[in-house]
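Below is one structure, written out as structure tokens; the observations come after it.
The values are calculated or read from the model by the stated rules, or taken from the named source; none is laboratory data. Just so we're clear, the structure is a prediction, and the values are computed from it rather than from any experiment. Neighbour counts run over all protein chains shown; Cβ positions are idealised from the backbone, glycine included.
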């Protein structure tokens, strides 16, 4: 019997009872608290999405009144953006795996980490509170554009407070990760020996820290305007609605990279593990994350090309937007090159990572169309944008999230899922997803505006195709989640390193013990992905 | 012939990018799938650690840079002419309000739909009476936000006879998707005849004219059915539960109540309807009495 098979106490069993979870200082337990909450909200958001697709099956009324429909798409957006996708990868996999990848026992500020989760929970309660308090959930769209958001009688104030509180949760998580990355890397691990997921979290965290306060201020300004009548955005009391749009997008565009960068980090972890070779262009991938985070601050104006922007401003925002495409394409080329001369295990996590590349390409390339001034004048605020953003967020980040879940599942629970079911769920999800969202791109080019309860008869066919896609998508999601849920309870025991990965999290047991490593993890020689069994290229 | 003078520039920018995108999407996906099989564990049991190649990094930085700069350029070229209308453009005021478009011509003519002469530059001066709207003509590949308090405008030339949809593209509340109108491009002499046709309101109740002008019927029906606000049918003398400062109160609707409501639209709200939507209209006392007079006739 070797030392590795001796019984030990996993972090699950270190302490017992619900209180030990709610007050835990263990980054792994905090991560799981987030995971369960986030999956729950994802399912709520997805259900709202299904309702929207059902309503849009025929022109005219199918199931709900226009006012209800407007509340549904607002709540869908608020839940999916603030409660699912922004926290998704950083709060769940960042929390669980950043310390493991860095070879340390926790994040820099465990109490602050728990506090971030509580803020998340409080924010979530406010968001759901709009369902029962006041005149119902906001009907403004998740962008809360003034002056409509100042005037509507629905419960905008509470939704905005929810987003404000959730913003603080995000800021504190970012702060925690930055300090962790600077201070807690295991001895001998320089910045350039860090796994790429850590790099992408590092870039993300700076955005969270620097951009999120802007949305906090903006949301407080809406509250001041609604509650105290201070004229900031509503022209009838002396405000400027376009100022609101600027302030909103100064945060919300960088927020797109809060959603996308961690997903890119996941892909950069999964591909080398399954190709069993080193990543191609480590520095190019690492630094392009920083470049995206930096340029991403200066492109918000591309959401406002039809808001009466001056020629020079439009010119500058458009050209900067195109520049963001360059570091993004560098990543894609490097990922593909990593498959070259690999020894590839085609397994569920890799399939998700490659589907990420495919979907994200469509999302990114349609983004180029929106960045071009002339094309955007036609396509802005149409279903083209709805299709584009779902390709980036669901097809990109969503697929990476599920890829990460399948990749690290055996580490988190020490069990293995049924791969056949997982692969089937993956395949139908990929098909369903594309049937659901590709028609939206076509509808946008045909000229169907977004946030439409009803539509002209010529848009019927593609709307029905899209709705059928939503049924396939949601069925696949159910299979995917049930499969993992069953595996977590009754799955076969997984080995500590089922994929043959060499980043540090694979050196500890599954599930990890409370303090992560029993003995100091060994940094792979010659870089984080330098697989010892692969041939050297020279 | 294109429907407007901007179609060519917009479509070129759109399809130029789409063509390059399809090329890269198909190419990258094909290479990815090829590698997946060529270098599968079975075919290639031992991997090779290739750390990277600066030559390749430079190639796949420079090539995309050139391509995106081209994309940017065609976007700009298609967009630049939209910025300034020619001096000889015919000016028409386009008014957006929840949930109705109104087009006011220089000779005082006012219409729910836009009628324009072919091959003549048209400049729409955009006015919003309440929240954000966006005037969108898909066939012309053109949209511009209509922002309260801002003097925005848009211009175009209708180049093909016909009738095209006008949609609202910026979310503006409950009936956003019903804020529809159309633009009809007609021959020049037909346009002049249409423009000169007098609108005959003399047989119409002045209250009704005012209410049409102020889009009252976007939210309130006259047949008792429910829309955004309560119906006008039999409203005078009806007993309603209203909410004032969060407290419920039952009142009988009379002339004084309607006048107060028109002057202070947000002071109260009929129970069961969404609050905060009724706009404050700049109406004189005389106009208000015309409206009350007309509303009393809707039985």
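In a residue-by-residue description of segment B:5-13, the property of being over 27 Å from the mean Cα position of the chain (by Cα) and more than 7 Å from chain A (Cβ to nearest Cβ) applies to no position.
Residue A:336 meets the conditions (1) closer than 19 Å to residue B:9 by Cα; (2) facing chain B (nearest Cβ under 9 Å); (3) surrounded by fewer than 24 Cβ atoms within 10 Å (Cβ to Cβ) in every case but one. The failed one is (1). Can you name the condition, by its number, that residue B:94 falls short on among (1) at pLDDT 95 or above; (2) surrounded by fewer than 19 Cβ atoms within 10 Å (Cβ to Cβ)? Here residue B:94 meets the rest and fails (2). You will find that of A:536, A:476, the residue that is under 20 Å from residue A:395 (Cα atoms) and either modelled with pLDDT of 90 or more or within 14 Å of chain B (Cβ to nearest Cβ) (or both) is A:476 and no other.
With respect to residue A:275, determine if the residue is surrounded by 24 or more Cβ atoms within 10 Å (Cβ to Cβ) and either within 14 Å of chain B (Cβ to nearest Cβ) or closer than 16 Å to residue A:208 by Cα (or both). Let's see the steps before the verdict.
Numbers: surrounded by 24 or more Cβ atoms within 10 Å (Cβ to Cβ): yes; either within 14 Å of chain B (Cβ to nearest Cβ) or closer than 16 Å to residue A:208 by Cα (or both): yes.
Criteria met by residue A:275.
Residue check: residue A:529 meets all listed conditions (1) under 18 Å from residue A:185 (Cβ atoms); (2) touching a residue at least 40 places away in the same chain (Cβ under 8 Å); (3) surrounded by fewer than 17 Cβ atoms within 10 Å (Cβ to Cβ); (4) within 14 Å of chain B (Cβ to nearest Cβ) but one, namely (3).
The set of residues from segment B:121-154 being facing another protein chain (nearest Cβ under 7 Å), under 13 Å from the mean Cα position of the chain (by Cα) and assigned to a strand (DSSP E or B) comprises B:134, B:136, B:142, B:143, B:144, B:145.
Search segment B:29-46 for residues being outside any loop (DSSP other than H, G, I, E, B) and more than 7 Å from chain A (Cβ to nearest Cβ), and hand back the single one that is surrounded by the most Cβ atoms within 10 Å (Cβ to Cβ).
Kept after step one, since they are outside any loop (DSSP other than H, G, I, E, B), are these residues of segment B:29-46: B:29-38, B:40.
When the remaining residues are screened for being more than 7 Å from chain A (Cβ to nearest Cβ), the result is B:30, B:33-34, B:37-38.
Details: B:30: 10, B:33: 13, B:34: 12, B:37: 11, B:38: 15.
Checked segment B:29-46; the qualifying residue surrounded by the most Cβ atoms within 10 Å (Cβ to Cβ) is B:38.
Annotation note: of A:166, A:172, the sole residue that is surrounded by fewer than 22 Cβ atoms within 10 Å (Cβ to Cβ), in contact with a helix residue (DSSP H, G or I) (Cβ under 6 Å, 6 or more places away or on another chain), touching a residue at least 24 places away in the same chain (Cβ under 8 Å) and within 24 Å of residue A:129 (Cβ to Cβ) is A:172. Residues that are in contact with a helix residue (DSSP H, G or I) (Cβ under 6 Å, 6 or more places away or on another chain), more than 30 Å from residue B:150 (Cβ to Cβ) and either more than 14 Å from chain B (Cβ to nearest Cβ) or without any contact (Cβ under 8 Å) to a residue 24 or more places away in the chain (or both) are absent from segment A:246-254. Of everything in segment A:17-73 that's buried (at least 20 other Cβ atoms within 10 Å of the Cβ) and part of a loop (DSSP other than H, G, I, E, B), which residue is farthest from the chain's Cα centre (by Cα)? Per the stated criteria, the residue is A:56.
Residue by residue, here is whether (1) on the phi > 0 side of the Ramachandran plot; (2) under 25 Å from the mean Cα position of the chain (by Cα); (3) surrounded by fewer than 21 Cβ atoms within 10 Å (Cβ to Cβ) holds:
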residue: A:288; (1), (2), (3): no, yes, no
residue: A:291; (1), (2), (3): no, yes, yes
residue: A:296; (1), (2), (3): no, yes, no
residue: A:303; (1), (2), (3): no, yes, no
residue: A:310; (1), (2), (3): no, no, yes
residue: A:314; (1), (2), (3): no, no, no
residue: A:319; (1), (2), (3): no, no, yes
residue: A:322; (1), (2), (3): no, yes, no
residue: A:327; (1), (2), (3): no, yes, no
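When residues in segment B:47-78 are screened for being surrounded by 13 or more Cβ atoms within 10 Å (Cβ to Cβ) and over 30 Å from residue B:11 (Cβ atoms), 9 of them pass. Filter segment B:249-285 down to the residues that are within 14 Å of chain A (Cβ to nearest Cβ) and not in a loop (DSSP other than H, G, I, E, B), then identify the one that is surrounded by the most Cβ atoms within 10 Å (Cβ to Cβ). Restricting to residues being within 14 Å of chain A (Cβ to nearest Cβ) and not in a loop (DSSP other than H, G, I, E, B), the top hit is B:269.
In the set A:516, A:533, only one residue is on the phi > 0 side of the Ramachandran plot and assigned to a loop (DSSP other than H, G, I, E, B); that residue is A:516. Of the helices (runs of 4 or more DSSP H) entirely within segment A:352-424, those holding at least 3 residues that are out of contact with any helix residue (DSSP H, G or I) (no Cβ under 6 Å at 6 or more places or on another chain) occupy A:399-413. The one condition from (1) closer than 21 Å to residue B:124 by Cα; (2) at pLDDT below 85 that residue B:158 does not meet is (2).
Against the numbered list (1) assigned to a loop (DSSP other than H, G, I, E, B); (2) more than 30 Å from residue A:236 (Cβ to Cβ); (3) touching a residue at least 12 places away in the same chain (Cβ under 8 Å), residue B:195 comes up short only at (1).
Exactly one residue out of B:227, B:175 is over 14 Å from the mean Cα position of the chain (by Cα) and within 14 Å of chain A (Cβ to nearest Cβ): that is B:227.
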